[in-house]
1. Test of the criteria: in segment 78-136, which trypsin sites (Lys or Arg not before Pro) are in a DSSP loop and have at most 12 other Cβ atoms within 10 angstrom of their Cβ?
2. Under the definition of Cα pairs under 8 Å and six or more residues apart, what whole-number percent is the relative contact order of segment 230-368?
3. Per-residue counts of other Cβ atoms within 10 Å, averaged by peptide: what ranking do you get for 352-359, 292-299, 322-329, highest first?
4. Kirkwood Rh over alpha-carbon pairs of segment 1-158, then Stokes-Einstein at 10 °C and 1.306 mPa s: what D in µm² s⁻¹, rounded to an integer?
5. Could you work out [θ]222 nm for the chain from helices alone, using -39500 (n - 2.57) per DSSP H run of at least four and dividing by all its residues? Round to the nearest 500 deg cm²/dmol.
6. Where q = 0.10, 0.16, 0.17, 0.18 Å⁻¹, what log10 of I(q)/I(0) comes from the Debye formula for segment 84-238, counting one point per Cα?
7. So what's the gap between the Cα centers of segment 15-55 and segment 301-348, to the nearest angstrom?
8. If amide H atoms are built 1.01 Å from N in the plane of the peptide, which residues on other chains or at least 5 residues away come under 5 Å of the amide H of Gly267?
Amino acid sequence: MKIQNLTLREIRMPLVTPFETSFGRLTNRRMLLVEATVDGVTGWGESVAGEGPFYAPETVETAWLILRDFIGPIIKGRTFDSASEIWELLSPIRGHNMAKGAIESAIWDAEAKQRGVPLWKLIGGVHQEISCGVSIGIKESLDELVATVERELAAGYQRIKIKIKPGKDIEPVERLRQRFPNIRLMVDANSAYRLKDWPHLKRLEAYYLMMIEQPLGWDDLYSHAELQRKLVTPICLDECIHEEEHARAAIELGACRIINIKLGRVGGYTPAIRIHDLCQSKQIPVWCGGMLESGIGRAHNIALSTLQNFSLPGDVTASRRYWSEDVIEPEVEVTPQGTIRVPQGPGIGYAPRVDRIEKLTARKERLS
Ligand code: OSB
Ligand code: MG
């Protein structure tokens with residue numbers, strides 16, 4: 001197979017409702033899409049890099065620059081047998097996983113389309129229906145939070161995750177537990193606490209949470225190991241796991257009991273599958289995280305979630321939770337049981353709406 005064309009574009013989409021985390025509030029999402037043409041077939045990928053370097057060090061701008069000046073020249077015109085070789089080709093570039101993941105996933109989509117098979121089958125997926133949870137941003141009031149949770153449960157979602165930060169943690173959790181004693185509930189702090197806050201985090205244990213996601217520093221495995229020893233509730237790591245080696249270290253150190261895998265954060269399917277397999281061999285359950293993706297990234301998350309050890313509900317949800325109109329057809333829909341039925345068409349299985357994407361495009365560059 002030969003990579004003929006690579007096109008980068010930035011699209012901008014307003015969120016249906018603003019999304020607030022411990023590191024900021026977002027109303028408009030900028031995302032970088034990659035189109036990769038391989039032997040005449042085009043695959044699509046999405047970089048999940050943020051507007052600013054607040055979740056991870058990368059941003060839309062850094063991903064663009066790395067793709068154009070460093071990844072493009074390695075990949076363009078390259079011949080290869082399988083998309084599984086792309087990750088290794090990119091190994092001279094340190095970090096920049098979100099830039100790598102965008103192009104790597106586009107090439108996987110192209111290969112699956114070439115072969116006429118669904119991408120989830122090509123990567124060895126087994127689940128035909130995936131379980132969905134929701135991630136709910138920090139709300140102004142507890143009443144608004146309760147109303148949001150009520151709505152998501154009515155839509156069928158199987159677990160509720162709320163974002164927390166210091167001062168907006170114990171109270172919202174307590175309120176939700178009073179109102180919904182039996183739901184599967186978890187929190188995500190996006191690194192808003194320090195190890196010395198452990199007695200405060202310990203108070204969350206009264207509310208029997210499924211897990212506490214990424215309470216401490218974004219790259220601080222050691223403190224998470226200390227914290228996990230003080231808690232009964234499992235810690236789930238998100239930000240910390242950006243390399244396969246970090247996953248191994250986290251497991252060996254006892255820094256977490258669950259891992260959230262995001263394609264973009266780890267650099268694409270090859271590293272995501274390796275982390276998945278490692279976790280499976282160590283009996284660490286995983287689930288697929290989300291990054292407020294457009295339909296392109298959402299479709300990739302669905303494919304990834306079909307692997308065997310994605311045994312907990314992920315943050316992969318219906319398009320309409322974030323977008324008034326998505327960029328794929330059909331849009332991602334969730335069943336009343338809170339599941340997504342995996343598409344059976346070739347590649348990502350959802351068709352990019354190129355006309356709409358074109359309208360949303362703020363800039364576009366074909367790499368030469
Ligand atoms: O930590 O999982 C996170 C969104 C942006 C950045 C980080 C995170 C999130 C979410 C949203 O939780 C999940 C989704 O896409 O629904
Ligand atoms: Mg998270």
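1. Details: sites: Arg78, Arg94, Lys100, Lys113, Arg115, Lys121; in loops: Arg78, Arg94.
Answer in residue order: Arg94.
2. 17
3. 292-299, 322-329, 352-359
4. 90
5. Roughly -9000 deg cm²/dmol at 222 nm, from the helical runs in the chain.
6. Relative scattering, expressed as log10 I(q)/I(0), comes to -0.52, -0.97, -1.02, -1.05.
7. 16
8. Hits under the 5 Å cutoff: Gly101.
The values are calculated or read from the model by the stated rules, or taken from the named source; none is laboratory data. The model shown is predicted, which means the values in this text are computed figures rather than measured ones. Backbone-built Cβ (ideal geometry, glycine too); neighbour counts: all protein chains shown. Keep in mind that these areas ignore ligands, DNA and RNA; they rest on the heavy atoms of the full protein, side chains included. Shrake-Rupley method; radii C 1.70, N 1.55, O 1.52, S 1.80 Å.
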